[in-house]
Structure formats: structure tokens, C-alpha cells
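S.K.: My questions will all concern the structure given below.
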Amino acid sequence: MKYITPHIKETADGSHTLFRDDLDEAYHSYHGAVQESLHVFIREGWERAAQKSPREISVFELGYGTGLNAYLTLASAENQRVSTVFRSIEKYPVHPDALRKLNYRSIDVLSPYADKIEAVIALSWDELHEVSPHFKLEKIYGDILEYRGEKGTCDVFYFDAFGLRAQGELWGEKVFQIAFELLKPGGILVTYASNGSARRAMTEVGFVVARIPGAPGKREMMRAEKPLKS
Ligand SMILES: C[S@@+](CC[C@H](N)C(=O)[O-])C[C@H]1O[C@@H](n2cnc3c(N)ncnc32)[C@H](O)[C@@H]1O
């Protein structure tokens with residue numbers, strides 16, 4: 001496996017993010033990496049899915065990155081005792097030594113799970129692992145543009161690609177169609193972005209899209225639902 005080692009930067013809530021010089025792009029909002037992930041993916045994604053299916057939910061993530069969304073989902077799954085299967089695809093894995101330098105284990109909500117975070121960093125790729133009683137994780141080494149998972153199996157899709165300027169090819173109908181097919185009817189996609197071209201592409205493949213208040217520092221984000229009948 002070929003790893004990359006982006007630079008570490010601190011965001012406004014004190015939590016770290018990574019920065020890719022070649023793309024001039026950060027992995028999270030500078031207004032607060034943990035704040036953004038909690039708002040966009042946990043509250044608007046995982047918690048809504050858990051309300052609909054409190055016994056077990058299946059999450060798919062585009063862009064494993066630092067692993068922050070996986071850690072926060074693990075903490076939510078354990079705190080609320082909702083069995084969660086989390087699959088996340090990554091084309092450019094970050095070196096485990098770089099992941100260990102991030103300060104996520106000292107964040108309040110994650111510190112009880114510090115040993116689990118270390119275990120997650122060391123996990124092999126492309127296998128489903130039982131990390132804790134309510135959390136299973138598969139880190140998938142691959143390109144979303146070529147990914148074909150089992151259709152209709154996923155409750156929530158975390159769409160966490162780099163921004164439109166850096167990676168326009170991921171914000172069109174092709175990837176939204178893949179997400180639409182992976183989701184169950186009634187499943188939801190959440191993303192930190194609210195740009196019009198992505199909203200139109202989501203609508204084109206069949207999603208019903210809502211613009212809702214964004215994480216601190218961003219006016220809006222999008223939450224899209226796959227209709228029960230499509
Ligand atoms: C905004 S970051 C994700 C942040 C991450 N969710 C986290 O919690 O740290 C975008 C991620 O998408 C990954 N990526 C870029 N192109 C990809 C592709 N074609 N397929 C899968 N992952 C891709 C990047 O390497 C990067 O890790």
C-alpha cells in the first residue's frame with residue numbers, strides 16, 4: 001500500500017486536521033474539525049439513521065482520511081448502544097504514524113475510546129473488524145469511482161470528498177448514483193457542502209435534497225434522502 005503524509009494543522013476548536021499541499025486543501029473546516037464532523041455527519045447523519053433503525057445501522061463513507069468520522073461514529077455507537085457497521089473508502093491512505101500524531105484521542109468525546117482509536121489505526125484494510133461491542137469497521141482501499149458494493153444495504157452515506165474546486169470529478173452524477181444505489185430506500189446522504197451543481201446532480205439521480213444549517217462557520221450543508229419508492 002502506498003501511504004501519504006500530509007501536514008498537520010490546528011483548527012479553531014483546537015482539534016487537528018491534515019492539509020494536502022498539492023491540492024491546497026484541508027481535510028476539515030478550519031472553523032473546527034471535530035465540531036464540523038459532529039454537526040454534519042454525526043448529528044445530521046448517524047443520529048437520524050439511528051432514530052429510524054435503533055437496532056443496527058450501516059454507514060458508508062467516501063473519504064476515510066484521518067479516521068475522525070469513524071472515531072466519532074464509534075463513540076456514538078457505544079454511548080447510545082446502536083450496533084453500527086461502518087465502511088469507508090480511501091484512495092490515498094494516510095501513513096499510520098501521521099494518524100497517531102493527530103490529537104483526537106485527547107478530545108473529550110473521544111478520550112474514553114483512546115485504546116480503540118489506536119486499534120483502528122493498526123487494523124488491516126479490506127476486512128470487516130469488530131472493534132468494540134457496537135462497532136464494526138472495514139477500511140476499503142480503493143477509488144469510489146470504481147466501487148461497486150452491495151446495493152440497497154446502507155442507511156447513511158457520509159459524502160466527505162475534498163471540495164468541488166479540488167476534486168470536481170467526485171461531485172457529479174456518477175458518484176451520487178453510486179451512493180444512491182448503495183442506500184436503502186429512505187436512506188440519507190449528508191455532506192458539508194451546499195453548492196448548486198452538486199444539489200442538481202443529486203436531484204438528477206433521484207435524491208430529495210434539503211439545504212439545512214451548516215456547521216459553525218458555514219451557512220448551509222445538504223442532507224439528501226433516497227425516496228421510499230424510486
Ligand atoms: C475531506 S477528506 C475526508 C476526511 C475524513 N472523512 C476524515 O474524517 O478525516 C477527503 C478524503 O477523500 C479521499 N479521496 C479522494 N479521492 C478519492 C477517491 N476517488 N476515492 C476514495 N477516496 C478519495 C482523500 O484522500 C481524503 O482522504
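S.K.: Can you give me the long-range amide H partners of residue 140? Hydrogens built in the peptide plane at 1.01 Å from N, cutoff under 5 Å, separation of 5 or more residues or another chain.
M.R.: Excluding prolines and chain starts, which carry no amide H, the hits are 88, 89, 90, 126.
S.K.: Counting alpha carbon pairs within less than 8 Å and at least 6 residues apart, what relative contact order, in whole percent, applies to the stretch 106-169?
M.R.: 17 percent
S.K.: With each run of n ≥ 4 DSSP H residues scored as -39500 (n - 2.57), what mean residue ellipticity at 222 nm is computed for the chain after dividing by its residue count and rounding to the nearest 500 deg cm²/dmol?
M.R.: Result for the chain, helices only: -7000 deg cm²/dmol.
S.K.: Classify the stretch 1-113: rounded, prolate or oblate, from the alpha-carbon gyration tensor (a ≥ b ≥ c, eigenvalue square roots; a/c under 1.5 rounded; otherwise prolate if a/b is larger than b/c)?
M.R.: Prolate shape, in that a/c is at least 1.5 and a/b is the bigger ratio.
S.K.: What are the ³J(HN,Hα) couplings of the stretch 106-120, residue after residue, when phi is run through the Karplus curve with 6.51, -1.76, 1.60 and θ = phi - 60°? Round to Hz, x for glycine and proline.
M.R.: Running phi through 6.51 cos²θ - 1.76 cosθ + 1.60 with θ = phi - 60° gives 9, 6, 2, 5, 9, 4, x, 10, 4, 5, 5, 5, 4, 5, 4 Hz.
S.K.: Under a cut-off of 18 Å between alpha-carbon atoms, report the lysines in cross-link reach of residue 101, not counting same-chain residues fewer than 8 places apart.
M.R.: Within the straight-line cut-off, residue 101 pairs with 9, 116.
S.K.: For the charge dipole of the stretch 100-159, defined by +1 on Lys and Arg C-beta atoms and -1 on Asp and Glu C-beta atoms about the Cα centroid, which residue among 131, 158, 110 has the Cα displaced farthest towards the positive pole?
M.R.: Positive-end residue among those listed: 110.
S.K.: For every other residue with a beta carbon closer than 12 angstrom to the beta carbon of residue 206, add +1 if it is Lys or Arg and -1 if Asp or Glu, then tell me the sum.
M.R.: Net local charge, residue 206 excluded: -2.
S.K.: Oh, and also: If the cut-off is a Cα-Cα distance under 25 Å, which lysines reach residue 229, setting aside same-chain residues fewer than 8 apart in sequence?
M.R.: Cα-Cα hits under 25 Å: 52, 151, 174, 184.
S.K.: Return the single residue from 126, 24, 97 with maximal mean-square fluctuation; model: Gaussian network over the chain, springs between Cα atoms under 10 Å.
M.R.: 24
S.K.: Let me ask something else about it. As a test, work out the antiparallel percent of DSSP beta bridges whose residues both lie in the stretch 1-109, rounded to the nearest 5.
M.R.: Bridges in the stretch 1-109 that DSSP calls antiparallel: roughly 45 percent.
S.K.: Also, I was wondering about something else. About its Cα centre, what dipole magnitude does the chain give when the only charges are +1 on Lys and Arg Cβ and -1 on Asp and Glu Cβ, stated in debye to the nearest 20?
M.R.: 640 debye
S.K.: Considering the options 73, 222, 141, tell which one lies farthest towards the positive end of the dipole of the chain, charges being +1 on Lys and Arg and -1 on Asp and Glu at the Cβ, about the Cα centre.
M.R.: The Cα lying farthest towards the positive end belongs to 222.
S.K.: For residue 210, which sequence-distant residues (separation of 5 or more, or a different chain) have an amide H within less than 5 Å of its own amide H, given hydrogens modelled in the peptide plane?
M.R.: Here 223, 224, 225 satisfy the definition.
S.K.: Let me ask something else about it. Stick to the Cα atoms of the chain, pair each with every other, and give me the Kirkwood hydrodynamic radius in Å at one decimal.
M.R.: So the Kirkwood estimate lands at 17.5 Å.
S.K.: Still on this structure: How big is the antiparallel share of DSSP beta bridges in the stretch 7-225, given as a percent to the nearest 5?
M.R.: 45 percent
S.K.: All other residues with a Cβ under 12 Å from the Cβ of residue 33 taken together, and with Lys, Arg as +1 and Asp, Glu as -1, what is their net charge?
M.R.: Counting the neighbours of residue 33, the net charge comes to -3.
None of the figures in this text is laboratory data; all of them are computed from the coordinates on show. What you see is a predicted model; the values in this text were computed from it and never measured. When we count neighbours, we look across all protein chains shown, and the Cβ atoms used for this are built from the backbone with ideal geometry, even at glycine.
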